[in-house]
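Undergrad: Got a structure for you, written out below as structure tokens; questions coming shortly.
The values are calculated or read from the model by the stated rules, or taken from the named source; none is laboratory data. It should be emphasised that the depicted structure is a prediction, and the values quoted were computed from it without experimental measurement. Quick reminder, even Gly has a Cβ in these numbers, built from the backbone with ideal geometry, and neighbours come from all protein chains shown.
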């Protein structure tokens, strides 16, 4: 029986068992080329899959935070706790730098009331 679907003709014999065309692709031992978003990947079914440890590490950056994915090797893997600790230290340093600038401006302007408030704020930051 001849079938036509969207301009493609097929020969179909209802007496034969149905086979899945995907099974035919994966049962063959020929290399398969996959294309995803313009990148081509070659997959050879005769080669064993690489274990996760054998893969090269990849550096990923998301919103300014660097992550290493894959085997760490000699590169440290950034954890969320390290990132939070670095963020807290940077925030504290920025607060101190900003406060120091405000103290210098208050001294230059001779505003001793503001200067005493800023000194109290600096004592709280430590």
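Undergrad: Please report, ordered by residue number, the strands (runs of 3 or more DSSP E) entirely within the stretch 1-62 with at least 2 residues that are over 30 Å from residue 83 (Cα atoms) and either at pLDDT 80 or above or touching a strand residue (DSSP E or B) at 6+ places or on another chain (Cβ under 7 Å) (or both).
TA: The strands (runs of 3 or more DSSP E) meeting that bar are 2-5, 8-11, 32-36, 39-43.
Undergrad: When you go through 95, 87, 99 one by one, which is the residue that is assigned to a helix (DSSP H, G or I), at pLDDT 80 or above, surrounded by 10 or more Cβ atoms within 10 Å (Cβ to Cβ) and within 23 Å of the chain's Cα centre (by Cα)?
TA: Among 95, 87, 99, only 87 is assigned to a helix (DSSP H, G or I), at pLDDT 80 or above, surrounded by 10 or more Cβ atoms within 10 Å (Cβ to Cβ) and within 23 Å of the chain's Cα centre (by Cα).
Undergrad: Moving to a separate point now. When you check residue 106 against the structure, is it modelled with pLDDT of 70 or more, exposed (fewer than 11 other Cβ atoms within 10 Å of the Cβ) and within 22 Å of residue 126 (Cβ to Cβ), yes or no?
TA: In short, no.
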